[in-house]
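Asks: Questions regarding the structure given below will be posed in turn.
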Amino acid sequence: MPSIQRILVPHDFSETAERALTFALDLAEKLGAGVTVMHAYEIPSFGYPGGPGMSVEMAGQIERAARAALEGVASRARRPGVEVGSTLRQGVPWSEIVAVVQETKADLVVMGTHGRRGFARMLLGSVAEKVVRTAPCPVVTVHGPESAK
């Protein structure tokens, strides 16, 4: 049986991500594993020529807000006996998650899934599905409270 030493938890600051983090921390505590909480964000782009672009100042504000939120999540996640780290990435979320899996040599990804269906899923895609298909390690998905109905 392969041992699990490092668990990666992608976090989007939702209740579903909190559920996944709690699951991962409980598991890490039992296995003696460390947890890395990560957040990946994309800088919004405006899709028409000559339109307003994203200023360096606005991009910096987005990064600072994401960093502060991630630090808050990591701080609240600290438990005796479980090493908790964090990492912030800018880019396409599913791709950044897979990159962090490889960089941290994570043995497991635990992530929330919102369970969107139909048109919403078509528009937004499924980060969890893309991670499940491309991650080099097992992925556990945790459903949010709205998916449990």
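No value in this document is a laboratory result; all are computed from the given coordinates. Since the model is a prediction, treat every value here as computed from it, not as a measurement. Note that each Cβ is placed from the backbone with ideal geometry, even for glycine, and that neighbours are counted across all protein chains shown.
Asks: Hey, can you grab everything whose amide H is under 5 Å from the amide H of Q90? Only 5+ residues off in sequence or another chain; H modelled, so Pro and N-termini drop out.
Replies: For Q90, whose amide H was placed from the backbone, the distant partners under 5 Å are Y41.
Asks: Taking θ = phi - 60°, what integer Hz values does the Karplus form 6.51 cos²θ - 1.76 cosθ + 1.60 yield along the stretch 15-25, in sequence order, with x for Gly and Pro?
Replies: 5, 5, 5, 5, 4, 5, 5, 4, 4, 5, 5
Asks: Also: Could you list which residues have their amide H under 5 Å from that of M38, counting only those 5 or more apart in sequence or on another chain, with H placed in the peptide plane?
Replies: Distant-sequence amide H within range of M38: V9, H11, T87.
Asks: Step through the residues of the stretch 63-69 one at a time and calculate ³J(HN,Hα) from phi using the Karplus curve (6.51 cos²θ - 1.76 cosθ + 1.60, θ = phi - 60°), rounding each to whole Hz and writing x for Gly and Pro.
Replies: These are the phi-based 3J(HN,Hα) values: 4, 5, 5, 5, 5, 5, 5 Hz.
Asks: Still on this structure: From the backbone phi of the stretch 87-93, what are the Karplus-calculated ³J(HN,Hα) couplings (6.51 cos²θ - 1.76 cosθ + 1.60, θ = phi - 60°) in whole Hz, Gly and Pro given as x?
Replies: Computed from phi, the couplings for the stretch 87-93 are 8, 10, 10, 10, x, 5, x Hz.
Asks: Going by how many other beta carbons lie within 10 Å of each one, how would you line up L25, L31, fewest first?
Replies: Neighbour counts put them in this order, fewest first: L31, L25.
Asks: Still on this structure, I have one more. How do F23, F13 rank when sorted from fewest to most other Cβ atoms within 10 Å of their own Cβ?
Replies: By the 10 Å Cβ count, ascending, the order reads F13, F23.
Asks: Using modelled amide H (1.01 Å from N, peptide plane; none on Pro or chain starts), what sits under 5 Å from the amide H of E83, excluding residues fewer than 5 places away?
Replies: V35
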